[in-house]
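The values are calculated or read from the model by the stated rules, or taken from the named source; none is laboratory data. From a predicted model like this one, the values you see are computed outputs, not experimental measurements. Methodologically, a virtual Cβ is constructed for each residue, glycine included, from the backbone with ideal geometry; neighbour enumeration extends over all protein chains shown. The protein model used for the area step is the full one, side chains on, heavy atoms only, and it has no ligands, DNA or RNA in it. Shrake-Rupley method; radii C 1.70, N 1.55, O 1.52, S 1.80 Å.
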Amino acid sequence: MAWEGLKQALRNRRIRIEDAMATPGVLATTTLNPEPIPLDLKVVLIGDLQTYYLLYGLDEQFSKLFKVRGLLGGDGLDRGERGEGCPLHP
């Protein structure tokens, strides 16, 4: 459920606040329906290579939403004291 929600938010570039207890097909008694919130962000997924290839192979949207793959060495990155040298550091 969370994975599908993340993909939907990234595709639509907005996030919707929904009632997690609402069941599809059942009449909802909630009267408030907030407007979607615009979304402008970058997402970094951290995981092992096996999981990456599993998601890449099984989820056709994965490669469209996550276009860049980065690899860290076994010892990580040498970022210095303040993060210099890290590709994510501004």
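The table for this structure:
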item	result
Residues (open to solvent by 60 Å² or more (accessible area, probe 1.4 Å) and within 18 Å of residue 10 (Cβ to Cβ)) located in region 52-68	56, 58, 60, 64, 67, 68
Hey, residue 42 part of a loop (DSSP other than H, G, I, E, B), modelled with pLDDT of 85 or more, of a type outside the set (A, V, I, L, M, F, W, C) and open to solvent by 100 Å² or more (accessible area, probe 1.4 Å) or not	yes
Any hit, region 22-29, residues being part of a loop (DSSP other than H, G, I, E, B) and modelled with pLDDT of 90 or more	no
Qualifying residues in region 69-90 (those that are modelled with pLDDT under 75 and of a type in the set (D, E, K, R)) - the one surrounded by the most Cβ atoms within 10 Å (Cβ to Cβ)	79
